[in-house]
Amino acid sequence: MKRLIKELDVLELRRVSFCPDHFVRTELPRSYNLEIAMVQWIQDNLTGRFFFGINVTLKDNAISKVYTVGFEKASELSFFMLACPHLKYN
């Protein structure tokens with residue numbers, strides 16, 4: 001698939017360094033080192049701003065690292081969860 005260059009790509013503003021409150025987000029288990037592949041998939045297939053980072057969560061009295069993925073558009077989170085082939089490894 002040929003990657004389209006958008007305005008945010010030129011200005012390097014698509015991937016933000018923190019997850020703003022208005023972003024819709026999800027947490028994914030961090031089982032493999034898939035960060036590079038997932039970020040590349042997002043950049044190739046989506047157009048809006050996004051956040052991708054490692055976060056720490058507490059669940060059932062256990063601390064674990066998870067990927068936090070956030071999107072400015074809710075529709076992009078839905079598409080990511082349905083279409084990203086790397087999610088089958090989690």
Name the single residue that is modelled with the lowest pLDDT among those in region 1-58 being aromatic (Phe, Trp, Tyr) and either part of a helix (DSSP H, G or I) or surrounded by fewer than 12 Cβ atoms within 10 Å (Cβ to Cβ) (or both). Tyr32
Residue that is surrounded by the most Cβ atoms within 10 Å (Cβ to Cβ), among those in region 59-90 that are in a helix (DSSP H, G or I) and charged (D, E, K, R): Glu76
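Going by what's in this entry, would Thr47 be described as β-branched (Val, Ile, Thr) and within 16 Å of Phe80 (Cβ to Cβ)?
Working: β-branched (Val, Ile, Thr): yes; within 16 Å of Phe80 (Cβ to Cβ): yes.
When the stated conditions are applied, Thr47 passes them.
The values are calculated or read from the model by the stated rules, or taken from the named source; none is laboratory data. These numbers come from a predicted model, not from an experiment. Note: ideal-geometry Cβ built from the backbone for every residue, glycine included; neighbour counts use all protein chains shown.
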